[in-house]
Amino acid sequence: MKTDIETIQRLVLEAAETARKETASEPEPEKSRKAKWPLTCTVGPGLEGAIACESKVGYVNGAKGWLVYRGYNIFELCAYSSFEEVSFLLLHGKMPKAVELDLFKRKLFNYARINKVIMQLMGFPIDQMSVMGALRLGANLMRSQYRNLDKANARPAPFDAISADEDSIAMETLPSGSERATFEFRSSVRRAAAKPKRGFDKASGLEDSCHLIAGISCIAAAVSRIHNGLLPLEPRPDLSFAGNLIYLITGRQPTPVQERVMDIALILHADHGMNASTFATMVVASTLADIYFSVGAGIAALSGPLHGGANEEVLRSLREIGSVEKVKPWIERKLAEKGKVSGFGHRVYKAYDPRARILGPLAGLLIKEKPELKPLYAVAQKLEETVLNTFGKEKKIFPNVDFYSGLIYSFLGFDDELFTPMFAASRVAGWTARVLEYMENNRIFRPRGLYIGEFNKRYVPLKLRA
Ligand code: CMC
């Protein structure tokens, strides 16, 4: 008789096998290699297609449906690893030895005791704030708890920040007939001359990262409890990161299945290429603002409904649809209004998102523990089937990570307002890992905007304006 934990592992490995078979005809990527800067690439609005940096942290292949952290594929990590181990992997670039993992877990646990931050937060009107808003504030309060960078001479020296002005670069021209401009950008050759590293201290950056990974989830849990008129709880040393997160939110000891599913959800959200929130975090860090401010920017970017906020939208849609029979007319209405179906589509994946491939079956498994949510899960399955058959397969629009994550968190007993904060609680590992990596050879982010306005307009004094 298989245990439920073995069943979870089997479901993940089966999902891996289905993914492998479905995308077998897609070519594997070339062996990765360092770029020879400067690069020439085709750039679309919103920097689509632009390559801004090199990274060994993670890799996404949209055609094969691959998600890779530091060389390890996401299915293996979900089958065998834990969020603590994956966070170590992302930050340090290697799998921990047993003693290293133990120390790392203890460090996260110690950093999770952020009573002072919670007390400070309670002095703000957090009952009127979203959890994401409170998280942003909490990241800032964590900064003042731990560091004292505002003191004049404690600020990092901004020597590494080199910015370019439009004036100093020739204006680009759009190739005629092409909708997307091809811009050549030059990476400063000056960077080849190595400079001594100042301004960003990797050791304290690593500590700050652990502090943030441990603290963000605790703040989310505490704020959610306060919103429900409950007192925040202290993390328990006998529980894993995932187990503690469920306990801190619900006050209940999770079942092994709930704990393992939460762990997998955290692993799945930890990193995902140069997505909007990772980019926002890196942009702020590249100015040598500290990592707490940078993570605050990531939280803000993640809150939007096109990014991390989509999981809340999905649940709203499922409840609005209400029953399996109403799925088809709901989709028809949505498409007639030129709306998007939340939880579907992705800028990178043109195959089934591997994260949704894992979360879907896990949501099915959790139903056993909460049969009252069966109708909602049935609506989700019907919605997936109908989207795929009406336009999804044709347009390569598949469920993304947000489609099943909200359902999973509902099954675990979390309020909707916690769905996006759970994304943040995990993604903070990827944000910080990428910042640490980027800061090893920092260059301030500074793309250009194409000016399409007028020149030589004369200033008309206010009283003469019609
Ligand atoms: N429902 C219906 N049609 C869609 C959807 C959708 N969810 N997503 C894309 N399309 C259609 C879109 O209408 C367009 O069709 P056409 O070519 O006929 O005009 C085509 O697919 C391309 O869409 P796009 O908006 O240009 O694609 P994009 O790469 O700019 O957008 C996206 C990616 C994720 C913003 C978009 O798919 C979307 O808005 N999805 C819903 C929101 C969502 O689920 N977001 C979570 C993303 S995954 C988690 C994360 O990374 O944060």
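The values are calculated or read from the model by the stated rules, or taken from the named source; none is laboratory data. Since the model is a prediction, treat every value here as computed from it, not as a measurement. All Cβ positions, glycine included, derive from the backbone under ideal geometry; neighbour counts span all protein chains shown. Quick note on the areas: whole protein, heavy atoms, side chains included, nothing else; ligands and nucleic acids left out. Shrake-Rupley method; radii C 1.70, N 1.55, O 1.52, S 1.80 Å.
Quick check: is even one residue across the stretch 351-359 within 12 Å of the ligand (Cβ to nearest atom), open to solvent by less than 10 Å² (accessible area, probe 1.4 Å) and among the charged types (D, E, K, R)? Taking every residue of the stretch 351-359 in turn, at least one turns out to be within 12 Å of the ligand (Cβ to nearest atom), open to solvent by less than 10 Å² (accessible area, probe 1.4 Å) and among the charged types (D, E, K, R). Of all the numbered requirements in (1) surrounded by 15 or more Cβ atoms within 10 Å (Cβ to Cβ); (2) within 12 Å of the ligand (Cβ to nearest atom), residue 366 misses one, and that requirement is (2). The helices (runs of 4 or more DSSP H) found wholly in the stretch 193-303 and carrying at least 3 residues that are under 25 Å from residue 6 (Cβ atoms) occupy 241-250, 256-269. A residue that is part of a helix (DSSP H, G or I) and under 23 Å from residue 63 (Cβ atoms) occurs somewhere in the stretch 345-355. Scanning the stretch 424-454 for residues that are open to solvent by 70 Å² or more (accessible area, probe 1.4 Å) and free of Cβ contacts under 8 Å to residues at least 40 places away in the same chain yields 452, 454. When the stretch 413-466 is limited to residues that are small (Gly, Ala, Ser) and under 25 Å from the mean Cα position of the chain (by Cα), the one that is nearest to residue 205 (Cα to Cα) turns out to be 433. Considering only residues in the stretch 19-51 that are touching a Lys or Arg at 6+ places or on another chain (Cβ under 7 Å) and among the polar types (S, T, N, Q), the one that is nearest to residue 449 (Cα to Cα) turns out to be 42. Among the residues of the stretch 19-53, those that are under 23 Å from residue 431 (Cα atoms), touching a residue at least 12 places away in the same chain (Cβ under 8 Å), away from the ligand (no atom under 16 Å from the Cβ) and loosely packed, with under 14 Cβ neighbours inside 10 Å comprise 32, 34, 35. Suppose we keep only residues that are farther than 19 Å from residue 396 by Cα and open to solvent by 70 Å² or more (accessible area, probe 1.4 Å) within the stretch 296-327. Which one would you say is farthest from the ligand (Cβ to nearest atom)? The extreme case among them is 325. Scanning the stretch 328-344 for residues that are open to solvent by 20 Å² or more (accessible area, probe 1.4 Å) and either in a loop (DSSP other than H, G, I, E, B) or at positive phi (or both) gives 337, 338, 339, 340, 342. Under the condition of being open to solvent by 80 Å² or more (accessible area, probe 1.4 Å), part of a helix (DSSP H, G or I) and not acidic (Asp, Glu), the residues counted in the stretch 116-136 number 5.
Looking for something within 16 Å of the ligand (Cβ to nearest atom), β-branched (Val, Ile, Thr), farther than 30 Å from residue 112 by Cβ and part of a helix (DSSP H, G or I) - is there at least one such residue anywhere in the stretch 426-437? Outline the logic, then answer.
As a first pass, look at the stretch 426-437 and keep what is within 16 Å of the ligand (Cβ to nearest atom): 426-431, 434.
Applying the additional criterion that residues be β-branched (Val, Ile, Thr) yields 428.
Remaining after also requiring farther than 30 Å from residue 112 by Cβ: none.
Checking the stretch 426-437: not a single residue is within 16 Å of the ligand (Cβ to nearest atom), β-branched (Val, Ile, Thr), farther than 30 Å from residue 112 by Cβ and part of a helix (DSSP H, G or I).
Scan the stretch 369-388 residue by residue and report those that are within 30 Å of residue 251 (Cα to Cα), more than 16 Å from the ligand (Cβ to nearest atom) and part of a helix (DSSP H, G or I). Across the stretch 369-388, the qualifying residues are 371, 372, 373, 374, 375, 376, 377, 378, 379.
Checked against the criterion of being surrounded by fewer than 22 Cβ atoms within 10 Å (Cβ to Cβ), more than 13 Å from the ligand (Cβ to nearest atom) and either at pLDDT below 95 or within 14 Å of the chain's Cα centre (by Cα) (or both), the candidates 276, 289 yield just one match: 289. Which one of these does residue 410 not meet: (1) under 23 Å from the mean Cα position of the chain (by Cα); (2) not in a helix (DSSP H, G or I)? Status for residue 410: all satisfied but (2).
For the structure I just gave you, tell me whether residue 358 is at pLDDT 95 or above, touching a Phe, Trp or Tyr at 6+ places or on another chain (Cβ under 8 Å) and outside any helix (DSSP H, G or I). Quick ask: steps written out before the conclusion?
On the way: at pLDDT 95 or above: yes; touching a Phe, Trp or Tyr at 6+ places or on another chain (Cβ under 8 Å): yes; outside any helix (DSSP H, G or I): no.
Considered against the rule, which asks whether it is at pLDDT 95 or above, touching a Phe, Trp or Tyr at 6+ places or on another chain (Cβ under 8 Å) and outside any helix (DSSP H, G or I), residue 358 comes out as no.
Cβ-Cβ contacts under 8 Å between residues 6 or more apart (or on different chains), taken from a first residue in the stretch 87-100 that is crowded, with 22+ Cβ neighbours inside 10 Å to a second residue that is among the aliphatic types (A, V, I, L, M) and part of a loop (DSSP other than H, G, I, E, B), are listed as 87/270; 88/95; 89/95; 90/57; 90/270. No other residue among 391, 419, 414 is under 27 Å from residue 243 (Cα atoms) and either within 14 Å of the ligand (Cβ to nearest atom) or buried (at least 23 other Cβ atoms within 10 Å of the Cβ) (or both) apart from 419. Name the residues in the stretch 394-407 that are part of a helix (DSSP H, G or I) and crowded, with 24+ Cβ neighbours inside 10 Å, would you? Scanning the stretch 394-407 gives 401, 402, 403, 404, 405, 406, 407.
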